[in-house]
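See below for the structure under consideration.
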Amino acid sequence: MNLPQTVSDVDESSIISLLNRHYPQPTAGAVKCGIGDDAAILGPGEGKQLVTVDTLVHGRDFLDSWPCGYRTTGADVGWKSAAQNLSDINAMGGVPLAGFVTLSLPPQTPLAWVEAYAEGVAAAAHQLGATTFGVAGGDLSSSAELQVGMTVIGQASHPVLRGGARPGDRVLLAGSTPGMAHVGLSLLLSTDQADVAEGWDAAATAVAAAQLRPRPPLGTGAAAAERLTSLMDVSDGLMRDAARLAASSSVVLRLDRDALEREATDLAAWGGRHVRDALRAVLYGGEDFGLLGTSPSELPVPEGFRQIGVVVPADAKEGLNPAEAGPAGSGVWLGDQPLSGAAGFDHFAPSRSD
């Protein structure tokens with residue numbers, strides 16, 4: 001039997017599982033929720049402290065110059081590094097308090113790029129409404145490749161995990177139309193002469209911005225936390241993340257085809273000629289950082305959310321084969337059609353699929 005030898009032979013979840021088998025475990029009571037959700041929950045008491053960390057790597061998460069000719073700015077990277085971390089706190093029903101930034105910079109990095117990075121972080125916090133957030137420290141180092149890491153600490157009076165969805169709950173979505181960042185990435189990667197960055201109009205610029213400067217619905221998670229049974233952000237694609245939520249809750253999410261078709265229609269209207277397969281982009285496009293959650297059907301849909309499906313028991317999964325049902329019999333349907341949660345973005349896949 002051939003055993004995996006490198007990270008390219010497995011997926012992200014397998015690597016996390018491998019690491020977790022060997023990591024030392026926190027002292028009992030020090031961590032209320034650890035590996036597996038969007039952020040860890042620390043400490044005893046009523047007000048729960050949240051911690052999350054994420055990294056952007058040159059050549060993997062962004063390019064100096066994209067095939068279309070667009071040149072990534074330090075402000076673009078600063079915005080995205082803030083947005084994706086602030087989104088994780090939002091996805092736990094919390095508010096961000098402090099960030100700690102690690103910059104690993106090649107010697108030839110222009111100081112202007114570094115300054116623009118800081119300006120991008122500040123612009124994201126201001127424009128996305130993270131009024132309680134500020135950068136409190138970090139670390140600088142020289143390296144062969146440019147990497148940006150950010151740790152964000154937040155607080156939640158009522159943290160919401162991925163594992164609380166219950167049969168009968170509504171499936172809810174908040175934020176922009178899923179698939180927008182995917183369409184933006186397709187434009188950035190385009191070599192079509194019609195997509196050259198120098199000729200972009202306002203519409204094309206907005207499409208690219210969906211990938212370069214995503215806009216998570218900050219504040220929505222905390223405002224709705226007490227009315228939600230589960231919550232996470234959609235960073236790796238709606239289907240992949242829905243499968244994670246379903247697995248954590250040991251349920252099936254049955255998504256409403258009409259609701260998803262409406263999302264696809266909105267995406268096509270927004271992206272115009274840049275949208276090739278709108279429904280596929282909605283289902284599998286990542287990095288929009290919207291919120292996916294569930295809420296009891298007897299409660300009003302929380303402000304900022306819209307219903308896209310219902311939760312059904314894991315044993316009511318006729319037509320799902322074991323491979324598509326996933327762990328503990330969980331899974332995702334689009335109407336009566338089972339869908340695989342394996343598609344979407346994976347950091348260790350040979351090529352980007354979001």
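The values are calculated or read from the model by the stated rules, or taken from the named source; none is laboratory data. Predicted model, so just to flag it, every value in this text is computed and none were measured. Glycine gets a Cβ as well: all are built from the backbone with ideal geometry, and neighbour counts include every protein chain shown. Protein only, heavy atoms only, side chains kept; ligands, DNA and RNA dropped before computing areas. Shrake-Rupley method; radii C 1.70, N 1.55, O 1.52, S 1.80 Å.
Descriptive notes on the structure:
- Entry remark, the stretch 154-165: residues being of a type in the set (A, V, I, L, M) and open to solvent by 40 Å² or more (accessible area, probe 1.4 Å) number 1 in total.
- Close contacts from the stretch 96-109, counting a first residue that is more than 30 Å from Q49 (Cβ to Cβ) and open to solvent by 70 Å² or more (accessible area, probe 1.4 Å) and a second that is part of a strand (DSSP E or B) and modelled with pLDDT under 85, with Cβ to Cβ under 9 Å and a gap of 6+ residues or different chains, come to P107/S142.
- Scan the stretch 87-120 for residues that are under 16 Å from S141 (Cβ atoms), among the polar types (S, T, N, Q) and in contact with a Ser or Thr (Cβ under 8 Å, 6 or more places away or on another chain) and the total you get is 2.
- Evaluation of L172 against (1) open to solvent by 30 Å² or more (accessible area, probe 1.4 Å); (2) out of contact with any Leu (no Cβ under 6 Å at 6 or more places or on another chain); (3) in a strand (DSSP E or B) (one fails), failing number: (1)
- Among the candidates G175, G184, residue that is on the phi > 0 side of the Ramachandran plot and at pLDDT 95 or above: G175
- Listing of helices (runs of 4 or more DSSP H) fully contained in the stretch 241-328 that carry 1 or more residues being touching a Ser or Thr at 6+ places or on another chain (Cβ under 6 Å) and at pLDDT 95 or above: 257-271
- Some residue of the stretch 64-72 being within 22 Å of D288 (Cβ to Cβ), among the polar types (S, T, N, Q) and open to solvent by less than 10 Å² (accessible area, probe 1.4 Å): no
- Subset of the stretch 64-92 (residues that are in a helix (DSSP H, G or I) and not hydrophobic (A, V, I, L, M, F, W, C)): G74, D76, G78, K80, S81, Q84, N85, S87, D88, N90
- A count restricted to the stretch 195-240 and to residues that are in contact with a Gly (Cβ under 6 Å, 6 or more places away or on another chain), open to solvent by 10 Å² or more (accessible area, probe 1.4 Å), among the β-branched types (V, I, T) and part of a helix (DSSP H, G or I) stands at 1.
- If you go through the stretch 98-142 and pick out every residue that is over 19 Å from P216 (Cα atoms) and of a type in the set (D, E), you end up with 2.
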